Amino acid sequence: MRFVLLCLSLTFITSPSLSQEAIGLSAPDEVSDSGLLQHILPRFSLKTGIRVIADENGEMSLNSAPPGDPVFARGGVTYHLLTDGTDRQDRFRDWLLSDIGKRTVESFAPQQGEPFSASVTVAAAPQEQAIDGNVTLGQELSLTHCGRCHVIGPQNRMNGLGSTPSFAVLRAMPDWSDRFEAFFALNPHPSFTQIIDVTPPFAVDRPPPIHPVEITLDELEAILAFVAALSAADLGAPLQFQ
């Protein structure tokens with residue numbers, strides 16, 4: 001009997017998860033009042049041995065806006081969990097983001113209001129595209145090679161073809177960088193454009209119909225840098241293009 005009691009005593013003494021203090025979690029009133037925390041926190045503690053309690057001054061916090069990891073949503077509001085990066089707090093975050101944590105959140109049926117959804121997707125913030133290149137050289141190359149058909153800017157605003165979009169209009173397209181990076185593969189450019197070490201030489205029996213455009217990859221990078229610095233045309237309604 002003494003041996004059994006000794007073993008039990010050693011188990012509780014050496015079990016760090018049960019002996020550690022509880023982690024406090026603060027949350028907006030609409031989350032606290034819904035009963036969700038009373039539903040999920042005991043289940044997490046039972047699963048991991050890490051005790052998390054609702055506490056308005058808690059080390060962790062649920063907030064209706066970043067920073068933090070988006071963990072669940074309700075009524076058009078996405079709630080973010082902010083931790084301090086310690087192992088036990090990260091365990092709670094990882095559990096909420098796991099399949100079992102999501103199922104636990106979505107299994108809660110509030111007495112009032114909408115249920116919570118754990119299927120949260122957050123759109124990545126658009127990042128500025130960094131393009132290395134000589135903007136001044138890019139402007140000169142654009143006027144020389146592209147200005148025969150496209151309006152590049154005020155310098156040649158009367159020289160472009162009416163059926164060809166200006167650089168400002170092209171810059172307004174959401175995929176403008178893709179179009180410029182691969183312009184030499186888009187009709188009608190392949191018939192008269194060569195990028196050194198990239199495109200094959202013109203067929204002997206099919207010479208370019210106009211004076212060819214021959215540039216290097218570095219020069220193409222300069223053109224991209226120039227276009228990136230252009231102000232996009234204000235086209236009013238969302239642009240429709242093919």
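The values are calculated or read from the model by the stated rules, or taken from the named source; none is laboratory data. Just so we're clear, the structure is a prediction, and the values are computed from it rather than from any experiment. Backbone-built Cβ (ideal geometry, glycine too); neighbour counts: all protein chains shown.
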> For the stretch 38-73, how many residues meet the condition of being in contact with a Lys or Arg (Cβ under 7 Å, 6 or more places away or on another chain) and surrounded by fewer than 16 Cβ atoms within 10 Å (Cβ to Cβ)?
Replying inline: 1
>> Of everything in the stretch 199-219, what is out of contact with any Ser or Thr (no Cβ under 9 Å at 6 or more places or on another chain) and among the aliphatic types (A, V, I, L, M)? Give them in sequence order.
In response: Ala203, Val204, Leu217
> Within the stretch 157-172, restricting attention to residues that are surrounded by 17 or more Cβ atoms within 10 Å (Cβ to Cβ) and of a type outside the set (Lys, Arg), which residue is farthest from Pro207 (Cα to Cα)?
Replying inline: Ala172
> In the stretch 15-39, what residues are more than 18 Å from Gly75 (Cβ to Cβ), at pLDDT 95 or above and in a helix (DSSP H, G or I)?
Replying inline: Gln38
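Residues are listed down the side, and each one gets a yes or a no for (1) among the hydrophobic types (A, V, I, L, M, F, W, C); (2) in contact (Cβ under 8 Å) with a residue 12 or more places away in the chain; (3) assigned to a strand (DSSP E or B):
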{"residue": "Phe180", "(1), (2), (3)": "yes, yes, no"}
{"residue": "Val198", "(1), (2), (3)": "yes, yes, no"}
{"residue": "Ala203", "(1), (2), (3)": "yes, no, no"}
{"residue": "Pro208", "(1), (2), (3)": "no, yes, no"}
{"residue": "Ile223", "(1), (2), (3)": "yes, yes, no"}
>> Can you tell me which residue is modelled with the lowest pLDDT among those in the stretch 99-131 that are surrounded by 13 or more Cβ atoms within 10 Å (Cβ to Cβ) and under 24 Å from the mean Cα position of the chain (by Cα)?
In response: Ile131
